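Data block below; observations after.
Throughout, read-outs are computed from the coordinates displayed, never taken from laboratory work. Quick caveat, the model's predicted, so the values are computed rather than measured. All Cβ positions, even for glycine, are placed from backbone atoms using ideal geometry, and neighbour counts span all protein chains on display.
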Amino acid sequence: MENLYEATVERYRKYVMPTYAPKILFVRGEGARLWDADGREYLDFATGISVCNLGHCHPGVTAAVRKQAATLVHVSNLYMNEVMPRLAEKLIENCFDGVVFFANSGAEANEGMFKLARKIGNASGRNEIISMDNSFHGRTLATLAATGRAKYRKGFEPDMPGFRQVPFNDIEALKNAVNDKTCAVVLEPVQGEGGILPADLEYLKQVRALCDEKGILLLFDEVQCGMGRIGTRFAWQSFGVEPDAFSMAKAIANGLPMGGFITKRKYADTLTPGTHASTFGGTALVSAAALAVQEAFDNEGVLENCREQGEYLRRQLGELGKKYPFVKGVRGMGLMIGVVLDREAATLAGLCLKRNLVVLTAGETVLRLLPPLNLTRAEADEGIGKIAAALEELNAAIQEG
């Protein structure tokens, strides 16, 4: 009889391009739980990198996918399906007045948003976009050029022209960088890959004012920090600063591939037929899943729970961290949480996984926690207990050596 784990590893080795190096084979998920091929149970504080924000196999999403899969999956955007515009309507009802473009991923969402900005700016000879140091916007050539972390661009030079970076949360640096070629500023309201770094509220207000003064677009990348992750449906709502456009992906369909961006209505006619497209953007199937996510936000107290459990986790982890000099603090918003260390976080992440807690790292020295937004208090306490044990083991190793 075939050993599932060994057979899967061998198939990965032979047939899958090695852009990742996975070690665990997960075979089932439910809520905040995962099970591997050997039947071991894990508590998931990563949610597929902030994708399954409602947990694994959410009943409402699962039911919507099953129903739609048996009805209509895909016809392309050369024809209409009735689910996509209902989803767009739902998103806009909870946003500023505007329109939505649907794609498949965060990188595509950002690419589309950059094209919007350049199409608008090129009318007056402006086509350069300023992004932030430490940012992450995707793996395509344009989104790599916008990404403010050089390690991701290494080996893929030359960078696509038209992008430059300035320090995050530094309004003077941004003012000095804006010139007559600038068409837009793009930033993450909370930097994810860069280390769970929230923007300062006053800084965001000043960026908005600067963009208004210079007649340039303010773009937010909400791929990781959006869709409820920091306690509001859209991340910009946590700050009260409206961008001209913002991207979304990851959690929008709770595990099915979907991305997109929303822009204000005055820019609705910028990208016309033939100027931008996506074959799979907004298919009936993924739109049905995404609509179920929005319905869960409306009816299940998800956002309120995110704020409550996020505050609790940050407070408890902050107190826990005071015991260890190598823990420099806890930061984040909602259930987007970073435990900041004075050393690489990979070792601590491994010690958490040893205790069947799935976590992530960010910015090399930050333990990144992205639990489901419907996390219970009992699950939060369970996660804290596992992190506490991992910290104690790490501390013992440091003392020994």
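Quick notes on this one:
- Peptide ranges 211-222, 140-151, 183-194 listed from the most packed, as the mean C-beta count within 10 angstrom indicates: 183-194, 211-222, 140-151
- Cut-off 19 Å (backbone N to label point 7 Å along Cα→Cβ of residue 272), residues of the stretch 97-136: 99-101, 115-125
- Residues residue 311 and residue 381, FRET efficiency given R0 of 25 Å [Cβ-Cβ distance, rounded to 0.05]: 0.95
- Förster radius 41 Å - calculated FRET efficiency between residue 28 and residue 157 (Cβ-Cβ, nearest 0.05): 0.45
- Farthest toward positive dipole pole in the chain [+1 Lys/Arg, -1 Asp/Glu at C-beta], among 43, 61, 109: 109
- Charged neighbours of residue 95, selected by a Cβ distance under 12 Å, balance to -1 (K, R count +1; D, E count -1).
- The fraction of all Cα pairs in the stretch 103-173 landing in successive 5 Å bins from 0 to the largest distance is 4, 17, 24, 24, 20, 10, 2, 0, given as whole percents.
- Loop-located chymotrypsin sites (Phe, Trp or Tyr not before Pro) in the stretch 72-134 (DSSP state other than H, G, I, E, B) with a sparse environment of at most 16 neighbouring Cβ atoms within 10 Å: 79, 96.
- A simple packing score, the average count of other Cβ atoms within 10 Å per residue, orders the peptides 64-74, 281-291, 14-24 as 281-291, 64-74, 14-24, with the highest score first.
- Restraint check, 154/250; 205/250; 205/264; 214/266, Cα-Cα greater than 20 Å: 154/250; 205/250
- Annotation for the stretch 1-48: GluC sites (Glu not before Pro) lying in DSSP loop with at most 12 further Cβ atoms inside 10 Å of their Cβ are 2.
- Using C-alpha pairs under 8 Å with a sequence gap of at least 6, the mean separation divided by the residue count of the stretch 1-139 gives a relative contact order of 11 percent.
- Dividing the summed helix terms, -39500 (n - 2.57) for each DSSP H run of n ≥ 4, by the number of residues in the chain produces a 222 nm estimate of -12000 deg cm²/dmol to the nearest 500.
- Signed unit charges on C-beta, dipole axis of the stretch 59-299, positive-most listed residue 223, 98, 197: 223
- Loop GluC sites (Glu not before Pro), the stretch 303-373, which have at most 11 other Cβ atoms in a 10 Å radius of their Cβ (DSSP): none
- Cα-Cα pairs of the chain separated by more than 38 Å (percent): 20 percent
- Counting DSSP beta bridges with both ends in the stretch 59-299, the antiparallel % (nearest 5): 45 percent
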